[in-house]
Amino acid sequence: MALLHVDFFSDVLGMCMNMDVILPQQTHGQIGMEGTAAGGRYKTMYLLHGMSDDHTIWQRRTSIERYVSELGIAVVMPTTHLAFYTDTVYGMRYWTFISEELPAICREFFPRMSEKREDTLAAGLSMGGYGAWKLGLRAGDTFGAAASLSGALDIVGDYRRNCDAGLRTRFRGIFGTEEELEGSENDLMALAEELAERKGELPRLYAWCGTEDFLYEGNLLAWEHVKKLGYDLTCGQSAGDHQWKYWDEKIQEVLGWWLGKDGDLW
């Protein structure tokens, strides 16, 4: 694999941004790992971080490079700051950046990345799980599948249940008031319903959450909601709270689910 640290300028955000990118490489001489690079265009996973993190976190907390080494796929890990993948009330267009500008930049920089929706996955944890499902539900022309690990999928309910005074102030700067958020283009429940009602092309969805996680209740509500709407949802729960030892394990399951590989990928 090749690991690239990319600094670039975002016209949408008006500032320099960062992303780390894993690209396939055919290798045989590395100790303990081989690399695969399939012919043609690369399937690409956009791997999103949570509230406290940045573009480096998936490499620092998991073995993501090793997990994808024999799969022949590309992985894009961008910094998106604490903005919930949203065009914020305070004026920063993080949704436009992640859903439109970033895929275009990546495909310009790395022209072997596939442009097919079925070859493009959004995945993430916590805030990034919210962002991943949002990309699947609102940017389906680009993202054909979305996977959430311990994601804030019931964002309106989480606004009510899980926000202390400081986080509530941040949420108002990102989403506006609770009333403005509910039913808006940032409400995943409303997005899922609207897409199903207009008979748009539905993304494949994946979700996992630990039963001791503070976001578990919202996950159950979101899973039941999209199931009733007819989405192809693969979901699971097991003992666990909000920490990396679970996400390191479950991102491997996400890759198997997305690529149609049963059991152990390696």
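Structural remarks
- Within a Gaussian network of the chain (alpha carbon springs, distance under 10 Å), most fluctuating of G236, G39, G151: G39
- The Stokes-Einstein estimate for the stretch 1-135, based on a Kirkwood radius over Cα pairs and taken at 20 °C with 1.002 mPa s viscosity, is a diffusion coefficient of 141 µm²/s.
- Derived from the Cα gyration tensor, the three semi-axes of the equivalent ellipsoid of the stretch 84-127 are 23, 14, 7 Å, largest first.
- One quarter of the convex hull surface built on the alpha carbon atoms of the stretch 172-266 amounts to 7.7 nm², the projected area averaged over directions.
- Of the cross-linked pairs K228/K261; K43/K228; K199/K228; K134/K227; K199/K261, those separated by over 18 Å at the C-alpha level are K228/K261; K43/K228; K199/K261.
- Gyration tensor over the Cα atoms of the chain: the corresponding equivalent ellipsoid has semi-axes (square roots of 5 times the eigenvalues, largest first) of 28, 21, 18 Å.
- Once you reduce the stretch 135-153 and the stretch 34-70 to the center of their Cα atoms, the two points are 17 Å from each other.
- Charge tally in the Cβ shell below 13 Å around E217, where Lys, Arg are +1 and Asp, Glu are -1, E217 excluded: -3
- When restricted to Cα atoms, the stretch 181-231 yields an Rg and a Dmax of 11.7, 36 Å, respectively.
- For H28, net neighbour charge (Lys/Arg +1, Asp/Glu -1) across residues whose Cβ lies under 15 Å away: -2
- Taking max minus min of the alpha-carbon positions on each principal axis, the stretch 153-192 gives extents of 29, 17, 12 Å, largest first.
- The stretch 151-206 - percent of accessible surface contributed by carbon and sulfur, probe 1.4 Å: 45 percent
- Within a Gaussian network of the chain (alpha carbon springs, distance under 10 Å), most fluctuating of Y42, Y94, Y231: Y231
The values are calculated or read from the model by the stated rules, or taken from the named source; none is laboratory data. Since the model is a prediction, treat every value here as computed from it, not as a measurement. Here the Cβ is made from the backbone with ideal geometry for all residues, glycine too, and neighbour counts use every protein chain on show. When the accessible area is computed, the model is the full protein with side chains, heavy atoms only, and any ligands, DNA or RNA have been set aside. Shrake-Rupley method; radii C 1.70, N 1.55, O 1.52, S 1.80 Å.
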